[in-house]
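Contents: one structure, followed by commentary.
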Amino acid sequence: MKRLLILMIALCFAAFAAQAATSHDISTGNLSITTGGIWEVTGSTDDNSIKIDTNDKVTNIFENVTIDGAECALDIVKGNVTLILRGSSTLHSANSAGIRVKSGASLIIEGEGYIDVHGEGDQNSGIGSRKYENPGSITINSGHVSAYGSPFGAGIGGGGHGNGGTITINGGEIVA
């Protein structure tokens, strides 16, 4: 009986540890996510960025994040990503979609916060893809989302010469 109790306690701690979030201040450097988990991101930068490249489920919690001028502020190469908004965040890419969701990847946005996303350069979307690319799946469940593409790029969807992808808006306040 004592061994069973110890085993149950160990499993509870293991489950808790698996759900613990990893914190990252974006001002200290780039964030490359290659395994699933929960990532709390804070801070401001002019050139650091976030790249997600994993088939695992990733949850990013943005609390007052500013990325202004990185090549691609948030690049979702592959995976299923949930972005939870807290506070007010700004993502402005220098020469890409503000949030790039590559074909085959998915992004879900939710939370009560605000995010202002800009894609800059040649025909890039705000949230979606670059020129000549097709975006993955984009779902917005809640939050306050403003997304602006560069000329000939969608606010939310495809860059120039790409399709719009699959976009679902279930709630929130959206400006695109």
### Task
May I ask you to list pairs of residues, at least six apart or on different chains, whose Cβ atoms are under 8 Å apart, with the first in segment 157-169 being touching a residue at least 60 places away in the same chain (Cβ under 8 Å) and the second being assigned to a strand (DSSP E or B) and surrounded by fewer than 22 Cβ atoms within 10 Å (Cβ to Cβ)?
G165/S137
### Task
Look at segment 17-48 and say how many of its residues are within 13 Å of N60 (Cα to Cα) and in contact with a Leu (Cβ under 9 Å, 6 or more places away or on another chain).
3
### Query
Looking at V77, is it open to solvent by less than 10 Å² (accessible area, probe 1.4 Å) and at negative phi?
no
## Note on the structure
Subset of segment 52-74, residues hydroxyl-bearing (S, T, Y) and either open to solvent by 40 Å² or more (accessible area, probe 1.4 Å) or in a loop (DSSP other than H, G, I, E, B) (or both), comes to T66
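Which one of S93, S88 is modelled with pLDDT of 95 or more, open to solvent by 30 Å² or more (accessible area, probe 1.4 Å) and out of contact with any Ser or Thr (no Cβ under 7 Å at 6 or more places or on another chain)?
On the way: S93 fails: open to solvent by 30 Å² or more (accessible area, probe 1.4 Å).
None of the others qualify; the one that does is S88.
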### Query
Can you find even one residue in segment 99-119 that is out of contact with any strand residue (DSSP E or B) (no Cβ under 8 Å at 6 or more places or on another chain) and either modelled with pLDDT of 95 or more or on the phi > 0 side of the Ramachandran plot (or both)?
no
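Answer yes or no: is there a residue in segment 140-156 that is over 16 Å from the mean Cα position of the chain (by Cα) and under 18 Å from I108 (Cβ atoms).
No, there is no match, as no residue in segment 140-156 is over 16 Å from the mean Cα position of the chain (by Cα) and under 18 Å from I108 (Cβ atoms).
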### Query
Could we say that V41 is within 21 Å of N170 (Cα to Cα) and either touching a strand residue (DSSP E or B) at 6+ places or on another chain (Cβ under 8 Å) or in a strand (DSSP E or B) (or both) here?
no
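The values are calculated or read from the model by the stated rules, or taken from the named source; none is laboratory data. Fair warning: this is a prediction, and the values are worked out from it, not measured in the lab. Heads up, the Cβs are rebuilt from the backbone with ideal geometry, glycines too, and the neighbour counts pull from every protein chain shown. What goes into the accessible areas is simple: the full protein's heavy atoms, side chains included, and nothing from ligands, DNA or RNA. Shrake-Rupley method; radii C 1.70, N 1.55, O 1.52, S 1.80 Å.
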